[in-house]
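See below for the structure under consideration.
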Amino acid sequence: MEVKKVNIAIDFGTTNTLVATFEDTLKVMSLPGISYELCGVDLIPSAIGYFRDKGITQQCIGVETAKLPENTIIRRMKRLATSTRYKKVLGKDISYNQATKDFLDYLINAIRYRFSQSEIGNIVFTVPVDSFDTYRAIIDEICEKARISKYHVLDESTAAALGYEIALSNEKPYMIIDFGGGTIDASIVKLTRRENGFAVRVLGKSGTNFGGSDIDDWLLEDFIGKNGMTQNLSKYFSMESLKKSIEELKIEIGASDQGEISYYDMEGDFNLKVVYSSAQLSEVLNRNGFSAIIQNCLDNAIDLAYENGVRKRDIAEVLLVGGSSQLPQFKKIIETNFPGRVQACDPFGAIVRGAANFLNDKVVED
């Protein structure tokens, strides 16, 4: 009897990673102990932790790292995977490049634990277009180690376009804005269909180390101020739990223009509840120069594209990806810059869905 193959897409992100399986339809995988649910989507924090067990160095990823000391965890390794930077963990220098390999290797083994080798069909990885060759070398190495032969590497810009199922045209430039937990990246690209896949020409690109976690810090500072607390008193709080409440607050405001932070501290024996409206969130963002940060990133990418003969008005579609792109204040800035050209309906799943469409050759062409 022939074994039915399961194709797998891996969207390795700076802050979170998604894994999806697809046969007839796409389904984001839940990996107990590794992933967590946010907005109905199972996300894997892009973090790897190292610990010693009986004298042997061990690893864990995703939500499992929450039980480890912060100095043994490497986060956002994707952003620095192409650099020579490292972090000292358990007395050893671990490069961000090696941490990236360790994270993906652990993830692949966790996926293979769910399926037998004969059940896994093709695996497609999405990687940044500007460091495509470097990331491809990393994936080649881990796939060789795992004895995976059927795999593809797809750039994130193409994946986002295929995920939103826009009508591709060789003549039209597209802008992809990825606003996640740690970074915002804006890329203006042209995609060309070829026999063996797609060619991507980057016309302008800009990136800033600013993301949802920075907004969480702003809200945390505001929350502490509103409740007459000081930074010294905040030691009674579980910061991880409080930041999770703040993240949920942002999602609530995006859905209903209002949300609340509710926190009970058992050690301090007190309860705090603060309601934030969309207007109050905007006030916090404005106070910290949010609009200027976003606009500067857009302008830098647009200026570079202009040098390559593409004007702002030439951009056919603007595709939003990343969890932080759901913020109403962020969407308003993008809509003001590109009225009537913004696609923002699938920020979490667009890239991984595009990877699935790539393997299924589901491409809409103009």
Please determine whether any residue of the stretch 301-319 is of a type in the set (G, A, S) and under 12 Å from F179 (Cβ atoms).
no
Of the conditions (1) at pLDDT 85 or above; (2) surrounded by 13 or more Cβ atoms within 10 Å (Cβ to Cβ); (3) not small (G, A, S), the single one that N357 does not satisfy is (1)
Please work out which residue is least open to solvent (accessible area, probe 1.4 Å), limiting yourself to the stretch 160-196 and to residues that are among the small types (G, A, S) and out of contact with any helix residue (DSSP H, G or I) (no Cβ under 8 Å at 6 or more places or on another chain).
S169
Total residues in the stretch 20-34, condition part of a strand (DSSP E or B) and open to solvent by less than 10 Å² (accessible area, probe 1.4 Å)
2
Do we find a residue being acidic (D, E), in contact (Cβ under 8 Å) with a residue 40 or more places away in the chain and more than 27 Å from Q326 (Cβ to Cβ) anywhere in the stretch 82-98?
no
Per the filter on the stretch 271-304, residues among the aromatic types (F, W, Y) and over 24 Å from the mean Cα position of the chain (by Cα) are Y276
Could you grab me the full set of residues in the stretch 35-67 that are under 18 Å from the mean Cα position of the chain (by Cα), open to solvent by 10 Å² or more (accessible area, probe 1.4 Å) and aliphatic (A, V, I, L, M)?
L38, V41, V63
Answer yes or no: is there a residue in the stretch 305-317 that is under 21 Å from the mean Cα position of the chain (by Cα) and either surrounded by 21 or more Cβ atoms within 10 Å (Cβ to Cβ) or in contact (Cβ under 8 Å) with a residue 12 or more places away in the chain (or both).
yes
Within the stretch 1-59, residues of a type in the set (D, E, K, R) and at pLDDT 80 or above come out as D11, K27, E37, D42, R52, D53, K54
Within the stretch 318-347, track down each residue that is without any contact (Cβ under 8 Å) to a residue 40 or more places away in the chain and aliphatic (A, V, I, L, M).
V342, A344
In the stretch 147-174, anything of a type in the set (K, R) and closer than 22 Å to I302 by Cα is listed as K172
Tell me which residues, restricted to the stretch 1-19, are open to solvent by less than 30 Å² (accessible area, probe 1.4 Å) and assigned to a strand (DSSP E or B).
V6, I8, A9, I10, D11, T17, L18, V19
Screening S245, S262, S234, S206 for residues that are assigned to a helix (DSSP H, G or I), modelled with pLDDT of 70 or more and of a type in the set (S, T, Y) leaves only S245
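The values are calculated or read from the model by the stated rules, or taken from the named source; none is laboratory data. Given the structure is predicted, the values throughout are model-derived calculations rather than measurements. Glycine also receives a Cβ, built like all others from the backbone with ideal geometry; neighbour counts cover every protein chain displayed. Areas reflect the complete protein model, heavy atoms only, side chains present, ligands, DNA and RNA absent. Shrake-Rupley method; radii C 1.70, N 1.55, O 1.52, S 1.80 Å.
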